[in-house]
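Trainee: Sharing a structure below in structure tokens format, with a few things to ask.
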There are 2 protein chains.
Amino acid sequence: MAKRSYPLSKVYGLLEPGPVVLLTTADCGSANIMTLSWLTMMEFEPPLVGCIIGERNHSFGLLMASRECAINIPTVELAERVVACGNCTGANTDKFAKFGFTPKPAAQIAVPLVAECFAQLECRVTDTGMVERYGLFVLEVVKAWIDPAVNNPRTIHHRGRGAFMVAGETIKLKSKMK
Amino acid sequence: MAKRSYPLSKVYGLLEPGPVVLLTTADCGSANIMTLSWLTMMEFEPPLVGCIIGERNHSFGLLMASRECAINIPTVELAERVVACGNCTGANTDKFAKFGFTPKPAAQIAVPLVAECFAQLECRVTDTGMVERYGLFVLEVVKAWIDPAVNNPRTIHHRGRGAFMVAGETIKLKSKMK
């Protein structure tokens, strides 16, 4: 499915629900995929995302070197492969090849997107001041893509030890919040 | 429903799915409730939580002064009141009274918990170094409570502009992740 460019001002609505994401990184031709759910919005626009990545992760080195990454948001159809990505390290595995994910060139960064995900956020690292203490990277989303056919994405949400909540119905309430 | 003490080592499983939470604060006898979904786990144990609170929020001053807060996790039955809490400021409103939430004394902090929520996390602020730049408070969860009757909490997840995703089914996968 061809993705459509998505307004940066609406990115918060993709991440606030708290989905498990696939973080892609690359450096010198070596790309990786990391399963992640420790992230939060930090600013609406330009969208800033705080994301915790421990230094033992293979993605840590790639991200520190290239200062770029993509946040790809999967839906439940990909759940088994998303978990498989989290069960192994990219140090000795090409996860794109092993789990059948399609690397797709990004527009503004030299990191492949995961074509199978319904939304993709191209990011640059803007602050590494909290990396040493907390593994916290501040990312700015510089370009966003979405599959326009997906309205109520059945994202997956990590409850721990193999349990994932799958996004259910959407309700509308009279909110003044963005 | 009487709450049961919940192991700190399992707190991540409550917050990783990304629910909207009610943050309670208090200082000098004045308590407040803030609706929030910009937060992330930062460490498993002791559990650290990063939470973004802008200085324009009434809760900001209370939190800076007392250095304590509670993260209360509501389910969908409370959705209308949760949104109502987000639609007004505590500067001139007692939100506990106005929205019919029951303040319940905490064990380790001088901030009331929201009795109606199925889980409550008592927190102390451990790092304000990123508050000025990002509004990011680092919180340590020092005590956790849960309603033992709730197994698959129907939490709500903010999609923006009045739309909330309600937690759906739980699936189990073969994950090596915590």
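The values are calculated or read from the model by the stated rules, or taken from the named source; none is laboratory data. Please read all numbers here as calculations on a predicted model, not as lab measurements. Because the Cβ atoms are built from the backbone with ideal geometry, glycine has one as well, and the counts that use them run over all protein chains shown. The accessibility values were calculated without ligands, DNA or RNA, using every heavy atom of the protein model including side chains. Shrake-Rupley method; radii C 1.70, N 1.55, O 1.52, S 1.80 Å.
Trainee: So the check is Cβ under 6 Å with 6+ separation or different chains; which pairs have a first residue in the stretch B:77-88 that's open to solvent by 10 Å² or more (accessible area, probe 1.4 Å) and a second one that's β-branched (Val, Ile, Thr)?
Mentor: Listed by first residue and then by second, the contacts come to B:Gly86/B:Thr35.
Trainee: Within the stretch A:38-50, restricting attention to residues that are among the hydrophobic types (A, V, I, L, M, F, W, C) and more than 8 Å from chain B (Cβ to nearest Cβ), which residue is nearest to A:Glu68 (Cα to Cα)?
Mentor: Restricting attention to the stretch A:38-50, the residues satisfying the condition of being among the hydrophobic types (A, V, I, L, M, F, W, C) are A:38-39, A:41-42, A:44, A:48-49.
Right, trim to more than 8 Å from chain B (Cβ to nearest Cβ) and you get A:44, A:49.
On the way: A:Phe44: 19, A:Val49: 13 Å.
Filtering first and then ranking leaves A:Val49.
Trainee: Also, quick follow-up: In the stretch B:1-24, which residues are over 24 Å from A:Phe44 (Cα atoms) and either of a type in the set (D, E, K, R) or in contact with a strand residue (DSSP E or B) (Cβ under 9 Å, 6 or more places away or on another chain) (or both)?
Mentor: Hits for the stretch B:1-24 are B:Lys3, B:Arg4, B:Ser5, B:Tyr6, B:Pro7, B:Leu8, B:Lys10, B:Val11, B:Tyr12, B:Gly13, B:Leu14.
Trainee: Can we say A:Pro74 is out of contact with any Pro (no Cβ under 7 Å at 6 or more places or on another chain), closer than 23 Å to B:Ser175 by Cβ, open to solvent by less than 30 Å² (accessible area, probe 1.4 Å) and away from chain B (no Cβ under 12 Å)? Give the steps one after another, and end with the answer.
Mentor: On the way: out of contact with any Pro (no Cβ under 7 Å at 6 or more places or on another chain): yes; closer than 23 Å to B:Ser175 by Cβ: yes; open to solvent by less than 30 Å² (accessible area, probe 1.4 Å): yes; away from chain B (no Cβ under 12 Å): yes.
Answer is yes for this residue.
Trainee: If we keep just the residues of the stretch B:16-33 that are open to solvent by 20 Å² or more (accessible area, probe 1.4 Å) and on the phi < 0 side of the Ramachandran plot, which is nearest to the other protein chains (Cβ to nearest Cβ)? Before the answer, list the steps.
Mentor: Step one: list which residues in the stretch B:16-33 are open to solvent by 20 Å² or more (accessible area, probe 1.4 Å), which gives B:27-31.
Imposing the further condition that a residue be on the phi < 0 side of the Ramachandran plot reduces the set to B:27, B:30-31.
Numbers: B:Asp27: 24, B:Ser30: 23, B:Ala31: 21 Å.
So the residue we want is B:Ala31.
Trainee: Which residue out of B:Glu43, B:Glu55 is within 24 Å of B:Asn92 (Cβ to Cβ) and open to solvent by 30 Å² or more (accessible area, probe 1.4 Å)?
Mentor: On the way: B:Glu43 fails: within 24 Å of B:Asn92 (Cβ to Cβ).
After applying the criteria, what remains is B:Glu55.
Trainee: Right, here's the next one. What about A:Thr93, is it surrounded by fewer than 18 Cβ atoms within 10 Å (Cβ to Cβ) and touching a residue at least 12 places away in the same chain (Cβ under 8 Å)?
Mentor: Working: surrounded by fewer than 18 Cβ atoms within 10 Å (Cβ to Cβ): yes; touching a residue at least 12 places away in the same chain (Cβ under 8 Å): no.
Criteria not met by A:Thr93.
Trainee: Restricting to the stretch B:137-178, count the residues that are more than 7 Å from every other protein chain (Cβ to nearest Cβ), crowded, with 21+ Cβ neighbours inside 10 Å and part of a strand (DSSP E or B).
Mentor: 9
Trainee: Picking from B:Cys88, B:Cys69, which residue would you name as being among the hydrophobic types (A, V, I, L, M, F, W, C) and more than 11 Å from chain A (Cβ to nearest Cβ)? Lay out the reasoning, then the answer.
Mentor: Numbers: B:Cys88 fails: more than 11 Å from chain A (Cβ to nearest Cβ).
Sole residue among the options that is among the hydrophobic types (A, V, I, L, M, F, W, C) and more than 11 Å from chain A (Cβ to nearest Cβ): B:Cys69.
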